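The structure under discussion is supplied below as structure tokens; questions concerning it will follow.
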Amino acid sequence: MGGARARVVADPAAVSGGFSGAGAEALAPGAGLLGRILPPEVAVVETSDDDRGVVLFPEEEAAVAGAVEKRRREFTTGRACARAALARLGVPPAPLLRGLRGAPQWPTGLVGSITHCTGYRAAGVARTQDIVSLGLDTEPNQPLPAWVLEAITCGGEQRMIAGLGTTAGVHWDRLLFSAKESVYKAWFPLTQRWLGFDQADITVDAREGSFAARLLVPGPLVADQPLTEIHGRCLADRGLVATAVVVPART
Ligand SMILES: CC(C)(COP(=O)(O)OP(=O)(O)OC[C@H]1O[C@@H](n2cnc3c(N)ncnc32)[C@H](O)[C@@H]1OP(=O)(O)O)[C@@H](O)C(=O)NCCC(=O)NCCS
């Protein structure tokens, strides 16, 4: 992933703002968060609103039967974003079910990732000929509780975070957490294996708005090579931190 637009930016004035519009097409491509840090091979749809008119497939309904309203809404809007993103690749609507450990089951030949947090939902999809896995995550741009930081860091990560300070209004501890969740969302579909927070050592390049996750456990083969690092980009804006990792089909 490249491009100067992907640098970490923070807009303190927008912290209490949020996106406007309604429905999964509310944000024009490139106008949101993840759309600014993903490569063109990824079709991404982002929204700030839950469109109450979205209808789930019966199989999807079953997956959230009995769920609390908040969970129903994020699941439903996530599906709406995913279908809109798939439509951009010419893929017709179909049920998107939860598979092993909650990973979404994408149609054959496609990969994707879904994220939702307060005031934001998004899904990104790509063709496996371009990208073998991707992971997206968003979090509120707020400090991580100290005990959580302790629990999710390994190696020199805490030192690295301290070195980045709080410049540009970015809570790097939260961004690190988000980066790890993105890495997991890309890792799991490739391996069907758990990846612990202490099994990927992340280095953030604040100036470039990028990060690298060094895998501390053997990774899967990608293009006949063992995957040892996963690369991503990050952004802070509108009161959120957003991270995206992409595992390209070709090294
Ligand atoms: C799965 C997990 C990453 C989700 O992150 P989150 O911040 O809680 O939630 P988000 O809203 O951003 O993402 C939720 C979406 O992630 C996706 N997801 C869930 N499990 C997944 C998995 N095993 N693989 C890939 N994607 C998954 C789903 O699409 C889910 O939304 P849906 O249930 O509505 O379809 C998180 O709950 C978790 O289990 N983390 C522990 C593992 C980890 O992060 N390890 C760090 C490795 S360095």
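The values are calculated or read from the model by the stated rules, or taken from the named source; none is laboratory data. The shown structure was predicted, so the numbers you read here are calculated from the model rather than taken from an experiment. Quick reminder, even Gly has a Cβ in these numbers, built from the backbone with ideal geometry, and neighbours come from all protein chains shown.
Can you give me the number of residues within region 45-81 that are under 29 Å from Arg233 (Cα atoms) and touching a Pro at 6+ places or on another chain (Cβ under 7 Å)?
Here the count works out to 0.
Based on this model, can you work out whether Leu190 counts as in contact with a Pro (Cβ under 6 Å, 6 or more places away or on another chain) and of a type in the set (A, V, I, L, M, F, W, C)? It would help to see each step written out before you state the result.
Values: in contact with a Pro (Cβ under 6 Å, 6 or more places away or on another chain): yes; of a type in the set (A, V, I, L, M, F, W, C): yes.
Yes: the conditions hold for Leu190.
Do we have Gly21 as modelled with pLDDT under 90, surrounded by 18 or more Cβ atoms within 10 Å (Cβ to Cβ) and part of a loop (DSSP other than H, G, I, E, B) here? Walk me through how you get there before you give the answer.
Details: modelled with pLDDT under 90: yes; surrounded by 18 or more Cβ atoms within 10 Å (Cβ to Cβ): no; part of a loop (DSSP other than H, G, I, E, B): yes.
Against the criterion (modelled with pLDDT under 90, surrounded by 18 or more Cβ atoms within 10 Å (Cβ to Cβ) and part of a loop (DSSP other than H, G, I, E, B)), Gly21 does not qualify.
Return yes or no: is Leu176 under 15 Å from Thr243 (Cβ atoms), more than 9 Å from the ligand (Cβ to nearest atom) and not assigned by TED's automatic domain parsing to the domain that holds Pro107?
On the way: under 15 Å from Thr243 (Cβ atoms): yes; more than 9 Å from the ligand (Cβ to nearest atom): yes; not assigned by TED's automatic domain parsing to the domain that holds Pro107: yes.
When the stated conditions are applied, Leu176 passes them.
Please count how many residues of region 204-222 are in contact with a strand residue (DSSP E or B) (Cβ under 8 Å, 6 or more places away or on another chain) and either surrounded by 15 or more Cβ atoms within 10 Å (Cβ to Cβ) or part of a loop (DSSP other than H, G, I, E, B) (or both).
Residues of region 204-222 in contact with a strand residue (DSSP E or B) (Cβ under 8 Å, 6 or more places away or on another chain): 204-205, 209-216, 218-220, 222.
Filter again for either surrounded by 15 or more Cβ atoms within 10 Å (Cβ to Cβ) or part of a loop (DSSP other than H, G, I, E, B) (or both), leaving 204, 209-213, 215-216, 218-220, 222.
Of the residues in that region, 12 qualify.
Which of the residues that make up region 198-216 are in contact with a Lys or Arg (Cβ under 8 Å, 6 or more places away or on another chain) and within 10 Å of the ligand (Cβ to nearest atom)?
Ala200, Asp201, Ile202, Ala213
Among the residues of region 79-105, what is the count of those that are within 12 Å of the ligand (Cβ to nearest atom) and free of Cβ contacts under 8 Å to residues at least 24 places away in the same chain?
4
Show the residue pairs meeting these rules: Cβ distance below 6 Å; 6+ apart or different chains; first residue within region 29-47 and of a type in the set (Phe, Trp, Tyr); second residue buried (at least 24 other Cβ atoms within 10 Å of the Cβ) and modelled with pLDDT under 95.
Pairs that qualify, where the first residue is of a type in the set (Phe, Trp, Tyr) and the partner is buried (at least 24 other Cβ atoms within 10 Å of the Cβ) and modelled with pLDDT under 95: there are none.
Of the conditions (1) farther than 23 Å from Ala122 by Cα; (2) assigned to a helix (DSSP H, G or I), Val183 fails just one. Which one is it?
Condition not satisfied by Val183: (1).
Considering only residues that are of a type in the set (D, E, K, R) and assigned to a strand (DSSP E or B), which ones fall in region 223-251? I'd like the intermediate steps shown before the answer.
Step one: list which residues in region 223-251 are of a type in the set (D, E, K, R), which gives 224, 229, 233, 237-238, 250.
Scanning region 223-251 gives Glu229, Arg233, Asp237.
Turning to a different aspect of this structure: Please verify whether Ala31 is modelled with pLDDT of 50 or more and within 25 Å of Trp172 (Cα to Cα), treating the condition exactly as stated.
Working: modelled with pLDDT of 50 or more: yes; within 25 Å of Trp172 (Cα to Cα): yes.
So Ala31 passes the test.
Turning to a different aspect of this structure: Against the definition (touching an Asp or Glu at 6+ places or on another chain (Cβ under 9 Å), modelled with pLDDT of 95 or more and either buried (at least 17 other Cβ atoms within 10 Å of the Cβ) or not assigned by TED's automatic domain parsing to the domain that holds Leu240 (or both)), how does Arg7 come out, yes or no?
Considered against the rule, which asks whether it is touching an Asp or Glu at 6+ places or on another chain (Cβ under 9 Å), modelled with pLDDT of 95 or more and either buried (at least 17 other Cβ atoms within 10 Å of the Cβ) or not assigned by TED's automatic domain parsing to the domain that holds Leu240 (or both), Arg7 comes out as no.
Moving to a separate point now. Go through (1) touching a residue at least 60 places away in the same chain (Cβ under 8 Å); (2) out of contact with any Lys or Arg (no Cβ under 9 Å at 6 or more places or on another chain) and name the single condition Gln192 misses.
Among (1) touching a residue at least 60 places away in the same chain (Cβ under 8 Å); (2) out of contact with any Lys or Arg (no Cβ under 9 Å at 6 or more places or on another chain), Gln192 violates only (2).
While we're looking at this one, here's another question. Would you check if there is a residue in region 59-71 being near the ligand (Cβ under 10 Å from one of its atoms), out of contact with any Cys (no Cβ under 8 Å at 6 or more places or on another chain) and touching a residue at least 24 places away in the same chain (Cβ under 8 Å)?
Among the residues of region 59-71, at least one is near the ligand (Cβ under 10 Å from one of its atoms), out of contact with any Cys (no Cβ under 8 Å at 6 or more places or on another chain) and touching a residue at least 24 places away in the same chain (Cβ under 8 Å), which makes the answer yes.
Looking at (1) free of Cβ contacts under 8 Å to residues at least 40 places away in the same chain; (2) closer than 25 Å to Arg101 by Cα, can you tell me which one Pro140 breaks?
The failed condition is (1).
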